[in-house]
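Single-structure report; data block below.
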Amino acid sequence: MLRELNQSNYKNYLDWAYSLALDMTRSGYPTYADGLKSRAEFDETAALAHEREHEGALLFEDNGKALGYIHYFALPEDKYLDARAFCTEDKTEQAMDELIDYLGQRYPGFTMHFGFSDQNTRAVNHLAELGWPLSEESLVGVMRFEEYEPKPESAKPVPITEENFDRFAAIHAQWDGKMYWDNAHLREALDRWHLYLLERDGRDVAVIYFVYVDGMLEIFGLDYADGRFDPQAVRALLLRALNQGKADGMESFYYFHDRDEEPIVKELGVRSLGRYVMYSRAI
């Protein structure tokens with residue numbers, strides 16, 4: 001069964017929950033097994049469940065024994081549901097079923113998103129058995145900027161502003177209605193984002209979009225104008241992001257990328273956490 005945690009008792013479970021969060025076979029994304037995030041960040045995130053509307057922390061119990069810690073959040077304006085933590089010691093499948101039922105009663109018609117490493121076979125296999133569609137699949141690259149030395153850039157990617165946003169939007173439109181950070185959401189939050197476009201021979205060929213969060217640079221995507229892998233564009237745009245992140249004092253780097261990009265990502269000194277999968281469905 002699921003039991004709602006509150007401000008007075010949730011801290012009693014954080015040591016145990018954090019130990020699960022360090023194990024990718026027993027937890028989901030965002031992961032604390034990346035060698036980048038700290039225990040302090042885990043605790044700060046856990047506190048949000050008791051400070052914000054439409055967030056909550058749940059304890060999964062079976063026969064009186066605590067077996068799972070779950071922290072969910074909702075964005076009502078977008079009918080979006082996700083988890084900041086999904087950590088289970090055992091009976092992962094039951095915890096997931098109960099969470100889907102719990103959130104379905106509170107947020108009917110919302111789309112729930114579950115992100116896991118493929119190392120969490122119990123969670124991934126259960127979602128597949130339930131018939132949830134695989135919405136995203138990628139490799140995860142991470143790095144500390146203290147390990148990165150800026151490299152020369154031969155290309156000159158164009159910064160995207162409100163004035164030239166339409167050039168970016170023409171390429172990124174392939175994701176409209178398929179991801180949260182579509183053109184509409186990016187335009188609304190343009191002051192928080194770093195967007196670049198690469199042109200070649202008078203033609204716009206690719207774009208990259210990334211954001212800074214608490215000292216971390218996270219690349220959300222790299223899109224191609226014709227939908228085909230372009231290694232030169234990947235290298236040019238990744239170099240722009242890495243060099244800018246280093247110059248701006250970022251501490252760490254995250255990139256969910258395609259397998260085609262893996263050799264270039266590795267060449268630039270980025271470490272792999274393996275394969276990430278995300279399942280989503282309206283509940």
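Hey, among the residues in the stretch 1-12 that are free of Cβ contacts under 8 Å to residues at least 12 places away in the same chain and part of a loop (DSSP other than H, G, I, E, B), which one's nearest to ILE100 (Cα to Cα)? Within the stretch 1-12, the match that is nearest to ILE100 (Cα to Cα) is ASN9.
For the stretch 245-283, the candidate set comprises residues that are more than 16 Å from VAL142 (Cα to Cα) and within 21 Å of the chain's Cα centre (by Cα); within that set, the residue that is least open to solvent (accessible area, probe 1.4 Å) is VAL277. Within the stretch 22-42, residues that are without any contact (Cβ under 8 Å) to a residue 40 or more places away in the chain have Cβ atoms under 7 Å from residues that are surrounded by 16 or more Cβ atoms within 10 Å (Cβ to Cβ) and among the polar types (S, T, N, Q) in no pair, counting only partners at least 6 apart in sequence or on another chain. Within the stretch 141-178, if we keep just the residues that are basic (Lys, Arg) and either farther than 15 Å from ALA241 by Cα or in a helix (DSSP H, G or I) (or both), the residue that is nearest to the chain's Cα centre (by Cα) turns out to be LYS178. Right, ASP15: surrounded by 15 or more Cβ atoms within 10 Å (Cβ to Cβ) and not in a loop (DSSP other than H, G, I, E, B) or not? So ASP15 fails the test. Answer yes if at least one residue in the stretch 56-70 is within 22 Å of the chain's Cα centre (by Cα) and either among the acidic types (Asp, Glu) or farther than 18 Å from TYR10 by Cβ (or both), and no otherwise. No; the residues of the stretch 56-70 include none that is within 22 Å of the chain's Cα centre (by Cα) and either among the acidic types (Asp, Glu) or farther than 18 Å from TYR10 by Cβ (or both). If you go through the stretch 190-231 and keep only what is without any contact (Cβ under 8 Å) to a residue 12 or more places away in the chain and within 21 Å of VAL140 (Cα to Cα), you end up with VAL213, ARG228. Is it the case that the stretch 23-39 has a residue that's within 22 Å of LEU139 (Cα to Cα), in a helix (DSSP H, G or I) and touching a helix residue (DSSP H, G or I) at 6+ places or on another chain (Cβ under 8 Å)? No.
Here ARG144 meets each of (1) touching a Gly at 6+ places or on another chain (Cβ under 7 Å); (2) open to solvent by 30 Å² or more (accessible area, probe 1.4 Å) with one exception, condition (1). Just one of the listed residues (ALA233, ALA206, ALA241) is at pLDDT 95 or above, more than 22 Å from the chain's Cα centre (by Cα) and open to solvent by less than 40 Å² (accessible area, probe 1.4 Å), and it is ALA233.
The values are calculated or read from the model by the stated rules, or taken from the named source; none is laboratory data. Note that the structure is a prediction, hence the values are computed from the model and not measured. Glycine also receives a Cβ, built like all others from the backbone with ideal geometry; neighbour counts cover every protein chain displayed. Surface areas here come from the heavy atoms of the whole protein model, side chains and all, with no ligands, DNA or RNA. Shrake-Rupley method; radii C 1.70, N 1.55, O 1.52, S 1.80 Å.
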